[in-house]
Amino acid sequence: MPILCFLASILCLIYFIVLLLYNGFTSVFYLVWLIMSAGFLLLGWSFRIHFWQHLPFAVRATLLVGLSICFAFFIGVETMILKASFQMPSEPQDYVVVLGAHVRSSGPSRALALRLDKAYSYALENPDTVLIVSGGQGGNEPCTESSAMKQYLVEKGLPSERIQEENQSTNTRENLIFSKKMIPDDASVGIISNGFHICRALHLAKSLGYKQVSGIPAKSDLATQPTNLLREFFAVVKDFWLVH
């Protein structure tokens with residue numbers, strides 16, 4: 001067991017370094033892998049000195065049951081997230097909301113480019129669908145996310161009149177609130193985001209009054225997928241808790 005903990009600690013540390021080299025320090029959440037590395041190291045050390053064997057049986061049993069429940073809950077939430085990332089609407093949608101993500105001086109981030117590529121292919125397959133690109137300007141962004149998104153799609157060949165901009169939002173909830181004002185009540189709506197994000201986006205949309213809404217998952221960046229799935233677990237739990 002100590003060896004497994006030490007190996008897990010090393011893997012978490014390596015992945016943290018990979019994230020920094022691949023993406024830069026673009027998210028504070030990356031630090032969770034450093035914290036997990038230290039946690040596994042401490043856990044391995046505790047096994048090495050036989051700390052757990054000295055605890056009363058009742059304490060060990062309670063900890064084991066608690067950890068098992070937490071693990072089962074984690075697996076359940078992640079299953080919901082992954083399931084939503086593979087579902088597509090069976091019918092063409094009247095409107096499609098493309099959720100914004102970080103924009104660099106060089107253009108859309110990798111995650112956003114994947115969303116826009118999905119929006120582009122969906123628009124070609126469904127010529128009557130209206131696209132709404134949604135995202136305001138963050139403090140570390142050179143322009144609004146919506147303007148960068150529209151420019152990206154126009155440069156790929158989509159006519160600008162098919163693309164509407166929502167340029168005030170600063171998070172997923174606001175993306176959906178402000179975009180909803182641009183959509184008729186009886187329209188069907190697709191939401192495009194990276195696969196790991198669809199579960200939470202759909203839950204938020206339904207809580208905000210979207211009546212006919214479906215997820216249209218885009219690909220996810222493979223290198224950042226583990227951290228995105230882990231972060232999304234906490235985000236989904238938080239949003240479900242706030243809504244209910």
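Just to check, using Stokes-Einstein with a Kirkwood Rh over alpha carbon pairs, what's the diffusion coefficient of the chain at 4 °C and 1.567 mPa s in µm²/s?
Details: Rh = 19.9 Å.
This corresponds to a translational diffusion coefficient of 65 µm²/s.
Nearest 5 percent is fine: what portion of the DSSP beta bridges confined to the chain is antiparallel? Mind dumping the intermediate values first?
Working: 2 of 21 bridges.
Counting only bridges with both partners in the chain, antiparallel ones make up about 10 percent.
Measure off 7 Å from each Cα along the Cα-to-Cβ vector at Thr62 and Phe86, then give the distance between these two points in nanometres to one decimal.
4.0 nm
From the square roots a ≥ b ≥ c of the eigenvalues of the alpha-carbon gyration tensor of segment 2-84, which class results: rounded (a/c under 1.5), prolate (a/b over b/c), or oblate?
Details: a/c = 3.08, a/b = 1.36, b/c = 2.26.
Oblate, since a/c reaches 1.5 and b/c is not below a/b.
Enumerate the amide H contacts of Ser193 below 5 Å, restricted to partners 5 or more residues apart or on another chain; note that Pro and chain-start residues carry no placed amide H.
Ile216, Ala218
I need Glu145, Glu165, Glu232 ordered by Cβ neighbour count within 10 Å, fewest first.
Arranged by neighbour count, lowest to highest, Glu145, Glu165, Glu232 become Glu165, Glu232, Glu145.
Place the peptides 64-70, 153-159, 171-177, 207-213 in order of packing, highest mean first, counting for every residue the other Cβ atoms within 10 Å and averaging per peptide.
Ranked by mean Cβ neighbours within 10 Å, highest first: 171-177, 207-213, 153-159, 64-70.
Quick query: amide H of Ile132 versus all other amide H atoms, modeled in the peptide plane; which residues come in under 5 Å with a sequence gap of 5 or more or a different chain?
It is Val96, Val97, Val98, Gln164, by chain and number.
May I ask you to compute the full-extension gain from Ile49 to Leu124, defined as 0.36 nm times their residue separation minus their alpha-carbon distance, rounded to one decimal in nm?
Values: separation 75, 0.36 × 75 = 27.00 nm, distance 6.23 nm.
That works out to 20.8 nm of additional length.
For Phe73, Phe47, what's the fewest-to-most ordering of other Cβ within 10 Å of each Cβ?
On the way: Phe73 12, Phe47 16.
In increasing order of surrounding Cβ atoms, one gets Phe73, Phe47.
What helices in the chain pass both tests, a Cα length along the helix axis of 24 Å or more and a mean Kyte hydropathy of 0.0 or higher, using whole DSSP H runs?
Values: long enough: 2-23 (31 Å, 2.40); 31-48 (26 Å, 1.57); 57-84 (41 Å, 1.76); 225-243 (26 Å, 0.45).
Span-like helices here: 2-23, 31-48, 57-84, 225-243.
Run down the lysines and flag those whose C-alpha is under 18 Å from the C-alpha of Lys238, throwing out any fewer than 8 positions away in its chain.
Lys206
Within straight cross-link reach of Lys156, meaning Cα distance under 23 Å, which lysines are found once same-chain residues fewer than 8 apart are removed?
Reachable lysines: Lys118, Lys219.
Can you sort Leu229, Leu21 by how many other beta carbons sit within 10 Å, fewest first? Write out the running numbers ahead of the final one.
Working: Leu229 17, Leu21 9.
So the residues, fewest neighbours to most, are Leu21, Leu229.
Give the aspartates and glutamates reachable from Lys180 as a straight Cα distance under 14 Å; neighbours fewer than 8 places away on the same chain don't count.
Within the straight-line cut-off, Lys180 pairs with Asp94, Glu165, Glu166.
Read-outs: derived from the displayed coordinates by stated rules, not from any lab. The structure displayed is predicted, hence computed values, not measured ones. Counting neighbours? That spans all protein chains shown, and the Cβs are built from the backbone with ideal geometry, glycine included.
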